[in-house]
Every structure is written in structure tokens, then in C-alpha cells.
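The values are calculated or read from the model by the stated rules, or taken from the named source; none is laboratory data. The shown structure was predicted, so the numbers you read here are calculated from the model rather than taken from an experiment. Using ideal geometry, Cβ is built from the backbone for each residue, glycine included, and neighbour counts are taken over all protein chains shown. Areas reflect the complete protein model, heavy atoms only, side chains present, ligands, DNA and RNA absent. Shrake-Rupley method; radii C 1.70, N 1.55, O 1.52, S 1.80 Å.
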Amino acid sequence: MRISSNAHTHTQFGDGRSTAEEIVRRALELGFTSLGFSEHADTEIPVDWNAYIAEIDRLKAACGDSLRIRTGIELDRLSDVNPSPFEYYIAANHYFLENGDLAAIDGDADQLEAWVNRHLNGDWARACERYFDEYAAFIETQKPAFVAHFDLIVKSNRTRHWFDEASEAFLAPAREALSRVIRVCDVLELNTGGIARSHQPVPYPVQPILKHWRALGGRVIVNSDCHRAAQLDAWFDQAPEYLREAGFTHALQMSAGEKLFDEIRL
């Protein structure tokens, strides 16, 4: 079955490159049944939340029954935004922070490497442990709709080769974190955005993490983490096979009705 929804979408209100209206137009062209906007709430991207909500409300009214639109937010571990005005929120971990010293996990690779050198003596096994532990601890305080790009720490590693993604130094803390996460949220995102935007070879997360999540009884949702309207359905044709490889027979997508998610067969 073709995926006809995206629940992780960014616009020019944050760090996206397309307007919300351009993304809605693309969703209608693709025959989407639903669309969720999830603007960033983190430490480096200021958002006019009132204007954001008002624009999504305008688009909801304009689309009527032709597209079910929801207003969401992507909460970062360091966010201080109240999620209550939004219809759903997703959980993310984008930063390392130590004594006021901030480094973006998916940002400048030189800055991230320098942070790990300063605070962890260049020990990337410790960096992986810290990343996954802090992510799990954040999710344990929340009840997000789903967990976003769980192994985002691999992004720059694929060109810098700081650690081996097949090693226990990386996978063991990821598995431990998932065992904590599933007690609070049982939906993990298959995020295809890195393929479209930064030439990642596979989506987030990698197969061993997906397989462990499946063994735990977790569910999955496919999202493009869209920042440009043209990439709204990036890698959606290939995603079902990637999930089947991990043992999944079904996935979730945002519902066109009253409930948040529908289950679809892969």
C-alpha cells in the first residue's frame, strides 16, 4: 500500500524552505489523505507560534474534507515550549549540552567533534551512551505521538567514521534506550529525510535498531521530515521494503479521521 500521509513536516516558520501552503498543495497533488505539521521547538530556531497556528488553521479551513491537516510540534529534549496548544507532539534529541556549551548532533561536524573532544575526551562510545541515555530520559518525561529520527547521531558519522554503527558500543546503548522508551511511547519513526537532504544511504534508524524495536513489540510510522515541498514523499516507495526487511508487516500513518493514526499493511 502506498503511504499517503506525512506527520513530520517543517515550513518557513522554522527551518523549512517551503511555505505551509506550498506543502499542502504538494500533498494534494500526491493524493495524500492527511498531513501533520511539526515545527521545531528547540534552542536555535525561533518560531512565531501564534502565526504558525493561525496559518495552519487557515489551510485547514481552505482544504475542508479534501485533506486532514493537524497542527503539531517537534519537541526537543531542551525545549521550553508548552505543547498543550498543539494537536500532537513528537520527541527529538538534537543537542549535547554541558555547562552552557551546546553542540548540535545533526549540525556542523567540526563543532560536534570538538564538543566530544572537550567534554568526553574524544570517546565516541561515551558519546553514543550519553546521546541515547539522554534521549530515553527525555521521552520518559513525555508521552509523544512518536519518537523522531532515533539514531540521528549517525548523520555526520557516515563521513567522519567516529564509531562503527555495527558495534556493540553503538547498538547496546540504543537497545537499552529502546527498552525504556517503549514503556512510554510504542511508535518509532522511520525517517527518510536524511536521504533527501544529506545523502544518507538509509533512513533513520538502521536495521539492527528497527529489528530490536520489532522484537520489543514496537510500532513504526514512515515520515519524510519534510523541509521542502518537493521532498514531501521522499523515499516513500522504498520504505515498505525496508520495514519488511526488519520484520514489520504493518505501519502507521496519520489518520484522515478523528483518531491520530491508522494502521496500513506494507
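Only residues in the stretch 251-266 that are of a type in the set (Lys, Arg) count as the first member; pair them with residues that are open to solvent by 30 Å² or more (accessible area, probe 1.4 Å) and in a loop (DSSP other than H, G, I, E, B), Cβ under 6 angstrom, at least 6 apart or cross-chain, and list the lot.
Arg265/Met1
Residue pairs, Cβ under 9 Å, 6 or more apart or interchain, first in the stretch 182-208 and under 20 Å from Glu74 (Cα atoms) and in contact (Cβ under 8 Å) with a residue 60 or more places away in the chain, second open to solvent by 40 Å² or more (accessible area, probe 1.4 Å) and part of a loop (DSSP other than H, G, I, E, B). List them.
Here the result reads Cys185/Gln142; Cys185/Lys143; Gly193/Trp235, each pair linking the stretch 182-208 to a residue that is open to solvent by 40 Å² or more (accessible area, probe 1.4 Å) and part of a loop (DSSP other than H, G, I, E, B).
Going through the stretch 87-115 one residue at a time, which ones are in contact with a helix residue (DSSP H, G or I) (Cβ under 8 Å, 6 or more places away or on another chain) and without any contact (Cβ under 8 Å) to a residue 40 or more places away in the chain?
Phe96, Glu98, Asp101, Ala103, listed by residue number.
Is one or more of the residues making up the stretch 137-149 among the charged types (D, E, K, R) and crowded, with 19+ Cβ neighbours inside 10 Å?
Checked the stretch 137-149: no residue is among the charged types (D, E, K, R) and crowded, with 19+ Cβ neighbours inside 10 Å.
Residues of the stretch 17-32 being in contact with a Ser or Thr (Cβ under 8 Å, 6 or more places away or on another chain), closer than 20 Å to Asp48 by Cβ and surrounded by 21 or more Cβ atoms within 10 Å (Cβ to Cβ), which ones?
Those that are in contact with a Ser or Thr (Cβ under 8 Å, 6 or more places away or on another chain), closer than 20 Å to Asp48 by Cβ and surrounded by 21 or more Cβ atoms within 10 Å (Cβ to Cβ): Ser18, Ala20, Ile23.
Please state which of the following conditions Glu258 fails to meet, knowing it meets all the rest: (1) open to solvent by 40 Å² or more (accessible area, probe 1.4 Å); (2) in a helix (DSSP H, G or I); (3) not small (Gly, Ala, Ser).
Only one criterion is unmet by Glu258, namely (2).
Scan (1) over 16 Å from the mean Cα position of the chain (by Cα); (2) open to solvent by less than 20 Å² (accessible area, probe 1.4 Å); (3) of a type in the set (Val, Ile, Thr) for the single condition Thr159 breaks and write down its number.
Unmet condition: (2).
I'd like the residue in the stretch 68-84 that is without any contact (Cβ under 8 Å) to a residue 60 or more places away in the chain and open to solvent by less than 20 Å² (accessible area, probe 1.4 Å) and, out of all such residues, is nearest to Asp225 (Cα to Cα).
Only one residue fits best here, namely Ile73.
Name the pairs whose Cβ atoms lie under 9 Å apart, with the first residue in the stretch 131-148 and part of a loop (DSSP other than H, G, I, E, B), the second among the basic types (Lys, Arg) and open to solvent by 10 Å² or more (accessible area, probe 1.4 Å), and 6 or more positions between them or separate chains?
Note: pairs meeting the criteria are Phe146/Arg219.
Looking only at helices (runs of 4 or more DSSP H) that fall completely inside the stretch 153-199, which ones have 1 or more residues that are under 15 Å from Glu140 (Cβ atoms)?
In the stretch 153-199, 168-181 are the helices (runs of 4 or more DSSP H) which contain 1 or more residues that are under 15 Å from Glu140 (Cβ atoms).
Please count how many residues of the stretch 34-52 are open to solvent by 60 Å² or more (accessible area, probe 1.4 Å) and touching a residue at least 60 places away in the same chain (Cβ under 8 Å).
1
Consider Glu113 carefully, then state whether it is among the charged types (D, E, K, R), surrounded by fewer than 20 Cβ atoms within 10 Å (Cβ to Cβ) and within 21 Å of Ser167 (Cα to Cα).
In short, yes.
Given the residues Gly122, Gly107, which is the only one that is more than 10 Å from Ile153 (Cβ to Cβ), open to solvent by less than 50 Å² (accessible area, probe 1.4 Å) and in contact with a strand residue (DSSP E or B) (Cβ under 9 Å, 6 or more places away or on another chain)?
Matching residue, one of Gly122, Gly107: Gly107.
Restricting to the stretch 211-255, give me the number of residues that are outside any loop (DSSP other than H, G, I, E, B) and either touching a helix residue (DSSP H, G or I) at 6+ places or on another chain (Cβ under 9 Å) or within 19 Å of Ala145 (Cα to Cα) (or both).
Number of matching residues: 22.
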